[in-house]
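*Asks:* Below is a structure I'd like to ask you about.
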Amino acid sequence: MGILSGLLGNASEVDVEKVEDNLEKILIEDEKLVKAFKVLRDLMVFTDLRLILVDKQGMTGKKMEYHTIPYESIRHFSVESTGHFDMEAELKIWTAGASEPIIRNFKKGEHIFSVQRTLAEMKLKNYDLNRF
């Protein structure tokens, strides 16, 4: 990802091997990383079991919040693309038991659709057809 693209907030795909070392403390045994996207300093990491939102905080970015969302708790999600005058696209994820969605903003660009496609793929792959 170029520096300018990162400063503008465009999501870019990150090599999962580079991310894996940073997440080894929170990954469970045999959990596999599928894809990762970086927006500014934050990460959206898709594993075979869950979505992990990594929020780097503070001036140095050493303080981090790891937000885990099991795919089974995702009820629905939406993408709002940018228009001619809009500068931000928006991803909203509604989870079970939450009254408000989790919202992530993306600057103008196509990468929000890569994130949405990955979320759809992981949600559908983890859908338990035997529960009905």
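The values are calculated or read from the model by the stated rules, or taken from the named source; none is laboratory data. Not measured: the values here are computed from a predicted model. Cβ: placed from backbone, ideal geometry, glycine included. Neighbour counts: every protein chain shown.
*Asks:* Do we find that Val39 is of a type in the set (Val, Ile, Thr), modelled with pLDDT of 80 or more and either surrounded by 10 or more Cβ atoms within 10 Å (Cβ to Cβ) or closer than 19 Å to Leu119 by Cα (or both) in this structure?
*Replies:* no
*Asks:* Now, a different point. Just name the residue that is nearest to Leu49 (Cα to Cα) out of those in the stretch 95-114 that are buried (at least 16 other Cβ atoms within 10 Å of the Cβ) and at pLDDT 90 or above.
*Replies:* Once the filter is applied, the top-ranked residue is Thr95.
*Asks:* Among the numbered criteria (1) surrounded by 13 or more Cβ atoms within 10 Å (Cβ to Cβ); (2) in a helix (DSSP H, G or I), which single criterion is violated by Leu27?
*Replies:* Of (1) surrounded by 13 or more Cβ atoms within 10 Å (Cβ to Cβ); (2) in a helix (DSSP H, G or I), only one is false for Leu27: (2).
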